[in-house]
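> Okay, handing you the structure first.
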Amino acid sequence: MEQFIQQLVNGISLGSIYALIALGYTMVYGIVKLINFAHGDVFMVGAFIGFYSITILDLGFFPALLISMAACAIFGVLIERIAYKPLRNATRIAALITAIGVSLFIEYGTIYLRGAQPEAYPNDAVPLKSIELFGVKISGQSILILAVSIILMIVLQFIVHKTKIGKAMRAVSHDMDAARLMGINVNNTISATFAIGSALAGAAGVIFGMYYTKIDPLMGIIPGLKAFVAAVLGGIGMIPGAMVGGLLLGVIEALVSAVGGSLWRDAVAFVVLILILIFRPAGLFGKNVREKV
Amino acid sequence: MLKIKDINVYYGNIHALKGVSLDIQAGEIVTLIGANGAGKSTLLKTISGLLKPKSGEILFEGEHLAGKVPQTIVKRGISQVPEGRRVFANMSVEENLELGAYLRKDKSGIQEDFQKVYQLFPRLHERLKQQSGTLSGGEQQMLAMGRALMARPRLLLLDEPSMGLAPLLVKTIFRIIEEINQTGTTILLVEQNANMALSIADRAYVIETGKIVASGTAEELGESDQIRNAYLGGH
């Protein structure tokens, strides 16, 4: 039982990382209908920026987190402006293939710049004690990951629902031309979406580094794909779906490990993808919204 | 107020507007009637900046607007109620109205306009928190109109406001269009329902396959045999 709860806690920590990455996938898909396969690599870049902020600039965890988020936001906007914007009216497959190209470019560009060797994240950036709860030891890092994720998700909900730019984002994702008729600058709104999604991926990169301690230039591939599965699981385009999908996927993986199937962890994520595509392709939160005309 | 001179608009190779010219004086209701595919919506989209004319001029209060982005055009005082309403179905009635005032910063003015919209459309006030996708067609039309008014336009473009509505509701909508006009908003009304449109308009233009083929006061056109046969059911 104790071990079960321990695994559940691990699953929630891992799941909140998936959720943070999945949010970027789902927001970008919601607005430009593009699966941004380079998103996992933004996550990787975020992990490295956090790493260098802590080791070279000698910063603490929180400043490193903020720097990584800001840098990834700018990086995300650059990717969109340079690679995707010229293809806004092209076929979707052209944009999708471009996204794969951008992904490879970032991965191997990073290897070219700094080599392929992994780095060990300094795990003393935050001095945290683990606490005991009902006889279960919960590491301080798990709590930190969960707390940071929850705060970021609350901030995101606030931005999307209460601010002007958030309302513009929802309007553009629903009907681009109607949004233009309101005077909304569609290009800036799309850039803002990429900025926010990429900042969340950057944050996920830093907390991933803290938790798993090892980072390398290809580390974004598997978490990126799993976050994509999480986004589809929740219903792509739906922000709450990405949160729930991420947490659910993390917990499923952890439970599979708990029953002794650690080697199946990665496979399970894709089994989930296949099952959801067969039985509920719109995702858990997706519904066929009926609109009266 | 609005002067369109000889504009040509293309969709790829298709020549959708062929040298269209049109004039609107401040305070008027002008209607543009024509069959499906004649180019009515294309003209409105071009005025709003969603489409760019290949040649020709659009002058609004003396300022050139052809080729400007929609943002600039809304800011200058032209709003559009698009065909099919195009409300943001995933958002509440209130949020839709807020988006109508997206470019404005005068908070007190925006509050005033909320009140004006509620006066014109009490139904919207009752449903402020409701998702607009769940409104009836008539309510969505009202919302689309209220949303456009939130920009405080001096010229309001209406694209087929009667489409898909029951006759009684069409009457209500047209009465409200007249009310909006009486408060000083100039109106360009695109309609297939030519009878209704001519009944409230001061002047009218008839468009056929991308060309203006007739124009005059609403009475003149209403009496012309050619127009009656083509657009008013021949009675």
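The values are calculated or read from the model by the stated rules, or taken from the named source; none is laboratory data. These numbers come from a predicted model, not from an experiment. Quick reminder, even Gly has a Cβ in these numbers, built from the backbone with ideal geometry, and neighbours come from all protein chains shown.
> Any idea how many residues of the stretch A:252-271 are among the hydrophobic types (A, V, I, L, M, F, W, C), surrounded by fewer than 21 Cβ atoms within 10 Å (Cβ to Cβ) and under 18 Å from A:LEU8 (Cβ atoms)?
Here the count works out to 6.
> Another question about this same structure. With (1) among the hydroxyl-bearing types (Ser, Thr, Tyr); (2) in a helix (DSSP H, G or I); (3) buried (at least 18 other Cβ atoms within 10 Å of the Cβ) as the list, and B:SER108 as the residue in question, which single condition is left unmet?
So the condition that B:SER108 fails would be (3).
> Test B:GLU63 against the criterion of being away from chain A (no Cβ under 14 Å), without any contact (Cβ under 8 Å) to a residue 24 or more places away in the chain, loosely packed, with under 15 Cβ neighbours inside 10 Å and within 30 Å of B:GLN130 (Cβ to Cβ), and give yes or no.
No; evaluated as a whole, the condition is false for this residue.
> When the stretch A:79-92 is examined, which residues are found to be loosely packed, with under 14 Cβ neighbours inside 10 Å, free of Cβ contacts under 8 Å to residues at least 24 places away in the same chain and under 14 Å from A:ASN36 (Cβ atoms)?
A:ILE82
> Any idea how many residues of the stretch A:116-159 are modelled with pLDDT under 90, of a type in the set (Ser, Thr, Tyr) and in contact with a strand residue (DSSP E or B) (Cβ under 8 Å, 6 or more places away or on another chain)?
Within the stretch A:116-159, residues that are modelled with pLDDT under 90, of a type in the set (Ser, Thr, Tyr) and in contact with a strand residue (DSSP E or B) (Cβ under 8 Å, 6 or more places away or on another chain) number 1.
> Determine whether B:SER108 is modelled with pLDDT of 95 or more, over 13 Å from B:ARG152 (Cβ atoms) and of a type in the set (Ser, Thr, Tyr).
No; evaluated as a whole, the condition is false for this residue.
> Condition first: more than 8 Å from every other protein chain (Cβ to nearest Cβ) and either part of a helix (DSSP H, G or I) or over 19 Å from B:LYS45 (Cβ atoms) (or both). Now tell me which residues in the stretch B:77-105 satisfy that.
Matches in the stretch B:77-105: B:SER92, B:VAL93, B:GLU94, B:ASN96, B:LEU97, B:ALA101, B:ARG104, B:LYS105.
> Let me ask something else. Consider B:LEU198 carefully, then state whether it is crowded, with 16+ Cβ neighbours inside 10 Å, more than 14 Å from chain A (Cβ to nearest Cβ) and not in a loop (DSSP other than H, G, I, E, B).
On the way: crowded, with 16+ Cβ neighbours inside 10 Å: yes; more than 14 Å from chain A (Cβ to nearest Cβ): yes; not in a loop (DSSP other than H, G, I, E, B): yes.
When the stated conditions are applied, B:LEU198 passes them.
For every residue, the table says whether it meets (1) more than 11 Å from chain A (Cβ to nearest Cβ); (2) part of a helix (DSSP H, G or I).
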{"position": "B:GLY138", "(1), (2)": "no, yes"}
{"position": "B:MET145", "(1), (2)": "yes, yes"}
{"position": "B:LEU157", "(1), (2)": "no, no"}
{"position": "B:LEU169", "(1), (2)": "yes, yes"}
{"position": "B:THR172", "(1), (2)": "yes, yes"}
{"position": "B:ILE176", "(1), (2)": "yes, yes"}
{"position": "B:ASN181", "(1), (2)": "yes, yes"}
{"position": "B:VAL190", "(1), (2)": "yes, no"}
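> Restricting to the stretch B:1-49, count the residues that are part of a strand (DSSP E or B) and of a type in the set (Asp, Glu).
Selection size over the stretch B:1-49: 2.
> If I go through the stretch A:144-175 residue by residue, how many of them are away from chain B (no Cβ under 14 Å) and either within 15 Å of A:PRO240 (Cα to Cα) or aromatic (Phe, Trp, Tyr) (or both)?
11
> Which residue out of B:ARG76, B:ARG86 is basic (Lys, Arg), closer than 25 Å to B:MET163 by Cα and modelled with pLDDT of 95 or more?
B:ARG86
> Considering only the stretch A:109-201, give the helices (runs of 4 or more DSSP H) lying wholly within it that have at least 2 residues that are in contact with a Gly (Cβ under 9 Å, 6 or more places away or on another chain) and either β-branched (Val, Ile, Thr) or within 24 Å of A:TYR52 (Cβ to Cβ) (or both).
On the way: elements: A:140-162, A:164-174, A:176-181.
Once the helices (runs of 4 or more DSSP H) in the stretch A:109-201 are filtered for at least 2 residues that are in contact with a Gly (Cβ under 9 Å, 6 or more places away or on another chain) and either β-branched (Val, Ile, Thr) or within 24 Å of A:TYR52 (Cβ to Cβ) (or both), what remains is A:140-162.
> Still on this structure: Filter the stretch A:117-165 down to residues that are of a type in the set (Gly, Ala, Ser) and over 27 Å from A:ALA195 (Cα atoms), then give me how many there are.
5
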